Amino acid sequence: MDKIVVYGGRPLTGELEADGAKNSVLPIMAALILNDSGEDIVIENAPNIRDVRVMCKILMSLGVKVTDRGGGCLVFNTANITTSSIPLSLSKEMRSSVFIMGPLLARLGRVQVYGPGGCAIGSRPIDLHLRGLRALGARIEEAGEYISAASPVLKGGEIHLDLPSVGATENVMMAAVGAQGETIIKNAAREPEIVDLQTFLNFLGADIRGAGTSTIRIKGPSLLRGGSYRVIPDRIVAGTMLMAAGITGGNILLRNVIPRHLEAVIAKLREAGMEIEEGESWLRARGSRLKGLDKVKTQAYPGFPTDLQAPMMALLSLARGKSNIYEEIFDGRLKHVDELRKLGARITSKGNRAEITGVAKLLPGKVVKATDLRAGAALVLAALAIQGKTEILHPEHIDRGYDNLEEKLARLGAEVFRVRSF
Ligand code: UD1
């Protein structure tokens, strides 16, 4: 079994660039399916992470030609998509496989996938995706986890999402590009990655307005063409790095970031005592004595992101006084509490709330396991602050969303490496 080994206790210092955003590039890769012009689409700034590799495999299984030029540059040719189903193994490997539903319905009029089911952070249904696609005229049948959808013609319609779901907003947006007439999505999610999807699709020839607000209007159908597009920087990777500076008392300069995407995070980190300076595309973060926070509540954007809840908990484990974290987005996203406690953190949890009493030091010599992507990142952060050795099992979860995290941290002076088993 692979593991990440950290000898912590050193303040991180130096400069780093954030990668392209995982949560932008995945829906953008699914949206490529809509382009039947035969022209290539080039995606730049794609992070080299496991979820991107899985999405490449999914696209290839549909007939898409994928070329990796290196350095985050991927080239896609979608001229020959004839298959409308993806195998169970690929559906299960990544929840974002559901993103292909909207674009395949629009392109081929049919799609078959396996629902992603529950996952490590909670139940995560896809009812809102399906309801949105039905509102555009898709007939959807579910047999256990197998979902089959068909729609000889999609028709624009008005959809009011019960919750501002990021994935459902994106899936419906993509289907609507191929639908006849106008689609209006109300109570849409407002995440920057949705704006990026709009920018990408409009660049290829779509007619979408309103992303970033809670009402999005899509006029279809649009004929798309090829082109070259650079995805936005990953605000969650950037936030993780700011916290790495905070937890180690370090001083780092982050480049290739969009500070306004991190407003809620920066506000909380400042409240916790960190010094953060911002420029147009950079952030400088200095850690000092951290203090606890009364209330960190995860919310849809522009609120505090659920994807940084676990790393924030690691940080607050070492902050003076008491803190409270409320996980309001997912129903099972506090699994890292047990692992942080193994490292000596004083945390109690009930329902979706965790109460943290800061300690002066965490304990060296422990072995913990990453239960999911962001929980894994939280453990790496905690380990960076521990004088001595910590081992983190199941780093494959971390690889889903961080492009070579150990190497990035090592560049900032951390002693961290991966031990591979053969
Ligand atoms: C996306 C992000 C993920 C992030 C999450 C919330 C991607 C690839 N992933 O996930 O990193 O943690 O947004 O910011 O962009 N829900 C339903 N029915 C649905 C869909 C969602 O009840 O059909 C619920 C979910 O269970 C959850 C809430 O809505 O409680 C928000 O989920 P959603 O915004 O859809 O998250 P994802 O798109 O899956």
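The values are calculated or read from the model by the stated rules, or taken from the named source; none is laboratory data. Keep in mind that what you see is a predicted model, and the values were worked out from it rather than measured. Cβ atoms come from the backbone with ideal geometry, glycine included; neighbour counts cover every protein chain shown. When the accessible area is computed, the model is the full protein with side chains, heavy atoms only, and any ligands, DNA or RNA have been set aside. Shrake-Rupley method; radii C 1.70, N 1.55, O 1.52, S 1.80 Å.
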**Report entry** Charged-residue dipole, Cβ positions (Lys, Arg, Asp, Glu), the chain about Cα centre, Debye nearest 20
**Finding:** 980 debye
**Report entry** Value in Å of the Kirkwood radius, where the range 190-277 supplies the Cα pairs that are averaged
**Finding:** 15.2 Å
Query - Derived scalar couplings ³J(HN,Hα) [the range 285-298; Karplus, 6.51 cos²θ - 1.76 cosθ + 1.60; whole Hz; x for Gly, Pro] - result: 10, 10, x, 9, 5, 8, 10, x, 10, 3, 8, 10, 10, 6
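Nearest-5 percent of antiparallel DSSP beta bridges in the chain? Spell out each step's value before the answer.
Details: 59 of 83 bridges.
Roughly 70 percent of the DSSP beta bridges within the chain come out antiparallel.
Once you charge only the Cβ atoms, +1 for Lys and Arg and -1 for Asp and Glu, what is the size of the charge dipole of the range 22-230 about its Cα centre, to the nearest 20 debye?
Computed about the Cα centre, the dipole is about 40 debye.
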Requested in this report: For the range 22-230, calculate the relative contact order in percent as a whole number, restricting contacts to Cα pairs under 8 Å that are 6 or more residues apart.
Outcome: 22 percent
Requested in this report: Give me the percent of the accessible area of the range 255-325 that comes from carbon and sulfur atoms, probe 1.4 Å, all protein chains in place.
Outcome: 44 percent
Report summary line: For the chain, whose charge dipole is built from +1 on Lys and Arg Cβ atoms and -1 on Asp and Glu Cβ atoms, the candidate among I386, Y402, V98 with its Cα farthest towards the positive end is I386
Query - Cut-off 14 Å (backbone N to label point 7 Å along Cα→Cβ of E415), residues of the range 365-391 - result: 365, 384-391
Query raised in the report: Say each of F422 and R69 gets a label point 7 Å from the Cα, pointing the same way as Cα to Cβ; how far apart are those two points in nm?
Result: 3.6 nm
**Report entry** Among A188, F200, L242 - extreme Cα towards positive end, dipole of the range 188-299, charges at beta-carbon
**Finding:** A188
Query raised in the report: Roughly speaking, to the nearest percent, how much of the range 22-230's 1.4 Å accessible area is carbon and sulfur?
Result: 49 percent
Query raised in the report: With every protein chain present, what is the per residue accessible area of the chain (1.4 Å probe, Å²)?
Result: 39 Å²
Report task. Name the shape class, rounded, prolate or oblate, that the alpha-carbon gyration tensor gives for the range 22-230, where a ≥ b ≥ c are the square roots of its eigenvalues, rounded holds for a/c under 1.5, and otherwise prolate holds if a/b is larger than b/c and oblate otherwise. Result -> rounded
Requested in this report: Could you tell me what % of all Cα pairs in the chain have separations over 31 Å?
Outcome: 38 percent
Query - Options M29, S349, S281, ranked by Cα towards positive dipole end of the chain, top entry (Cβ charges) - result: S349
Query - Cβ-Cβ FRET estimate between N324 and L163, R0 fixed at 25 Å, reported to 0.05 - result: 0.60
Report summary line: Magnitude of the Cβ-charge dipole (Lys and Arg +1, Asp and Glu -1) of the range 12-54 about the Cα centre, nearest 20 debye, reported as 260 debye
Report task. Grab the DSSP H runs of the chain that are 4 residues or longer, score each as -39,500 (n - 2.57), total them, divide by all residues and round the 222 nm result to the nearest 500 deg cm²/dmol. Result -> -9000 deg cm²/dmol
Query - Stretch gain in nm, segment N404-R110, where the contour uses 0.36 nm per residue and the Cα spacing is subtracted - result: 102.1 nm
Query raised in the report: For Y146, Y402, what's the largest-to-smallest order of accessible area, 1.4 Å probe?
Result: Y146, Y402
Query raised in the report: D127 label point, 7 Å along Cα→Cβ, cut-off 15 Å on backbone N: hits in the range 64-103?
Result: none
Query - Inter-site label distance for K295 and E145 at 7 Å from Cα along Cβ, in nm - result: 3.9 nm
Query raised in the report: From the Cα gyration tensor of the range 139-223, with a ≥ b ≥ c the square roots of its eigenvalues, which class applies: rounded if a/c is under 1.5, or else prolate if a/b is larger than b/c, or else oblate?
Result: oblate
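Report the full-extension gain for the segment T83 to N256: residue separation times 0.36 nm, less the Cα-Cα distance, to one decimal in nm.
Fully extending the segment from T83 to N256 adds 58.5 nm.
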Requested in this report: Could you work out how far apart the two model spin labels at S61 and I184 are, taking each label as a point 7 Å from the Cα in the direction of the beta carbon, and quote it in nm?
Outcome: 3.8 nm
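For the cross-link pairs K297/K389; K322/K366; K3/K65; K22/K186; K291/K342; K219/K268, which exceed 30 Å when the distance is taken from alpha carbon to alpha carbon?
K297/K389; K3/K65; K219/K268
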